[in-house]
Amino acid sequence: MQYIDQIREDECFLCDAIGAESSQDAQNLVLWRTPYCFAICNRFPYTNGHLLIAPIEHKAELSDLTREELLGLFDAVCKMQLLLKSVMNPDGFNIGLNFGRAAGAGLLEHLHIHIVPRWEGDTNFMPVIGDAKVIPESLSALYRRLRQALEKDTGRG
């Protein structure tokens, strides 16, 4: 809810991140770029390793994407899931999209796919009674680990 509460109607953090120079990728937590989409670490993760995959173009619906954009988006989802699996060794994943506030979307106009690593017993009482989440690794440390693995895998990131 923290993210949903702080976003302004006229801003898109995804467009801001992908529109910045690639030299700013670490600061913006942009993990990977392709001609059609990019992967970014979620600043307000459900669990450690929560990534967002979004098209480069600011589009709200899957039906707004070209065939190439759609295939590129889901190819990136597969690649990032494999990356998370190799680096973090989760027991499972939640992968999904939220369209509309009623579905939980915090950013309505730039579609994005959530990849959320899950571990057996990863739910606890903190989010329920304390409106807090315990994330065991800092975003910057996780970003560095994922970038290193990605660069090793592809030779360039």
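Read-outs: derived from the displayed coordinates by stated rules, not from any lab. None of the values given here were measured: they were computed from a predicted structure. Heads up, the Cβs are rebuilt from the backbone with ideal geometry, glycines too, and the neighbour counts pull from every protein chain shown.
Odds and ends about this structure:
- Take 99-105, 76-82 and order them by the average number of nearby Cβ atoms within 10 Å per residue, most first; the result is 76-82, 99-105.
- The modelled label-to-label distance for the pair S140/A26, using points 7 Å beyond Cα in the direction of Cβ, is 0.9 nm.
- Here F74, F38 are placed in order of increasing Cβ neighbour count within 10 Å, fewest first, which gives F74, F38.
- Cα shape, the stretch 17-100, gyration tensor, a/c 1.5 rule: oblate
- Extension gain, D75 back to Y46 (0.36 nm per residue minus Cα-Cα distance, nm): 8.2 nm
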